[in-house]
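Where a number appears in this text, it was derived from the coordinates with a stated rule and is not lab data. None of these values were measured; they are calculated from a predicted model. All Cβ positions, glycine included, derive from the backbone under ideal geometry; neighbour counts span all protein chains shown.
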Amino acid sequence: MKIPQIHPPLKESYLLIGEEVFLIEEQLTSLRALMGDNASMNSAWYQAQEVQRAEDVVELCNTMPFLSDRRLIVLRNFHRLGRREQECIRAYLERPCSSTTLVLTIEGVPGKEEKKYTKDFPQGMEVLQFDSLKGRDLHDWIAGRARMYGKTADRDAVYLIAEITGGNIWFIASEIEKLSLYVGSRSAITIKDVEYLVMRSHEPPIFAFMDALFDRKKDAIVKLYELEHTGINELEVISRIENQITQHYQILCGGKGRPPGMHPFVEKKILARRSLWNALQLTRLLSHVRKIEQGIKSGRTLHPYAAIHEAVLGVLFPA
């Protein structure tokens, strides 16, 4: 999958939408650079939650740029505006100012929900979708990120980075930068570099909890408590658990061997748990975890870690 990019000459309006907020963030940074030296005098950035009157945004959009041929207005998380404010912005988009580029973002929205957010925008508006990177797309992105620093990454190194970070590209970007500095004058990032630098630094506490949970050890409760106090986001924990369940199901119940993109050491670790899990147990755990995820996103679950704690107890001490 090719990551969408905004290229000059800039248009009157863009919509950046998708689950990968990091990619949206990078595109906005690139957009600021395209504005050149006068960016600070001709740019305005808004968070939807801070906008009290959409008319103020529209008025600025209709203001001629200062000592430049273009003004840039960025309104992030458009979907969090009130209905009246959204209608005001949409009305402007029907007849946008030719010297202004208005960029709207809708961040953190899964691909399957994007259509309901984009259907009411004018047809001429350019939409850039930043869907979650998975599988080969994620591996290609990791390899490309290494090339940004003048490095290549071995295939096994790429797979292991994806596995260790849980596919979180905020973490991946940070780790690749560290790896590039660590390897110094060497041109390649190897699996040994990843094992030494990344695995060691990420082992506690997220991996300690995951290993305890899927080894069905009682100290998984203690590990979860320690994990909570590190401040890691509960949705990150949920995502990791869901990913582990999927991998365990593929290896232990799928009957098709190691799926593409899974590192051999991950397969070996899962196979050692064959006696601990069956298909019914994995699907039940996945169902519980997804209910917690829905509750967090909808605001119904007020104490996410307590809900995860209850699900873990259900695994360790089934009724």
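Send over the Kirkwood Rh of the range 136-309, from the inverse of the averaged 1/r over different Cα pairs, rounded to one decimal Å. Don't skip to the end; give the middle numbers.
Details: mean 1/r = 0.0580 Å⁻¹.
Mean inverse Cα-Cα distance, inverted, gives 17.2 Å.
Please give the charge dipole size of the range 13-129, origin at the Cα centre, charges +1 on K and R Cβ atoms and -1 on D and E Cβ atoms. Round to the nearest 20 debye.
Values: 14 positive and 18 negative charges, 61 e Å.
My answer is approximately 300 debye.
For the residue pair Asp56 and Ile221, what label-to-label distance in nm results when each label sits 7 Å from Cα along the Cα-to-beta-carbon direction?
Roughly 5.1 nm, to one decimal.
At a 10 Å Cβ-Cβ cut-off, how would you order Met64, Met262, fewest neighbours first? Display every interim value, and only then the final one.
Values: Met64 11, Met262 17.
Ordered by Cβ neighbours within 10 Å, fewest first: Met64, Met262.
Considering only the other residues whose Cβ falls under 10 Å of the Cβ of Arg53, what net charge follows from Lys and Arg at +1 and Asp and Glu at -1? Intermediate values should be presented prior to the final figure.
On the way: positive: Arg84; negative: Glu55, Asp56, Glu59, Glu85.
That sum, taken over residues with Cβ under 10 Å, equals -3.
Note down the Stokes-Einstein diffusion coefficient of the range 49-166 in µm²/s, whole number, using a Kirkwood radius over alpha carbon pairs, 20 °C, and 1.002 mPa s. Before the final figure, lay out the partial values.
On the way: Rh = 17.3 Å.
Taking Rh from Cα pairs, D becomes 124 µm²/s.
Taking loop as defined by DSSP and a crowding limit of 14 other beta carbons within 10 Å, which trypsin sites (Lys or Arg not before Pro) in the range 91-134 fit? Walk me through the numbers on the way to the answer.
On the way: sites: Lys112, Lys115, Lys116, Lys119, Lys134; in loops: Lys119, Lys134.
Answer in residue order: Lys119, Lys134.
Rounded to the nearest 0.05, what FRET efficiency is calculated for Trp45 and Lys291 with R0 set to 41 Å and r the Cβ-Cβ distance?
Details: r = 37 Å, r/R0 = 0.89.
Efficiency at R0 = 41 Å is approximately 0.65.
Mind pulling up the Rg/Rh value for the chain? Radius of gyration and Kirkwood radius, both on Cα.
Working: Rg = 22.8 Å, Rh = 22.2 Å.
Expressed as Rg/Rh, it is 1.03.
Tell me the relative contact order for the chain as a rounded percent, counting alpha carbon contacts under 8 Å between residues six or more apart.
Working: 378 pairs, mean separation 49.1, N = 319.
Worked out over the chain, it gives 15 percent.
Counting Lys +1, Arg +1, Asp -1, Glu -1, what net charge surrounds Lys115 among other residues with beta carbon under 15 Å of its beta carbon?
Details: positive: Lys112, Lys116, Lys119; negative: Glu19, Glu113, Glu114, Asp120, Asp131.
Within the 15 Å Cβ shell, the charges total -2.
So how far, in whole Å, is the C-alpha centre of the range 262-319 from the one of the range 206-225?
That distance is 11 Å.
Taking 7 Å along the Cα-to-C-beta vector as the label spot, tell me the Arg84-Ala279 distance in nanometres, rounded to one decimal.
Inter-label distance under the simple model: 5.6 nm.
How high is the FRET efficiency between Arg147 and Asn243 when r is their beta carbon distance and R₀ equals 30 Å, given to the nearest 0.05? Don't skip to the answer; put the middle values down first.
Details: r = 26 Å, r/R0 = 0.86.
Given R0 = 30 Å and the Cβ-Cβ separation, E is 0.70.
For the range 13-129, what is the relative contact order in percent, using Cα pairs closer than 8 Å and at least 6 residues apart in sequence?
Details: 175 pairs, mean separation 51.1, N = 117.
Once divided by the residue count of the range 13-129, the mean separation gives 44 percent.
Just in the range 194-289: which trypsin sites (Lys or Arg not before Pro) are loop by DSSP and have at most 12 other Cβ atoms within 10 Å? All intermediate terms of the calculation are to be shown ahead of the outcome.
Numbers: sites: Arg200, Arg216, Lys217, Lys218, Lys223, Arg240, Lys256, Lys268, Lys269, Arg273, Arg274, Arg284; in loops: Arg216, Lys217, Lys218, Lys256, Arg273, Arg274.
Those satisfying the criteria are Lys218, Lys256, Arg274.
Going toward the positive end of the dipole of the chain, with +1 on Lys and Arg Cβ and -1 on Asp and Glu Cβ, which of Ser43, Gln123, Gln244 do you reach last?
The one lying farthest along the dipole's positive direction is Gln244.
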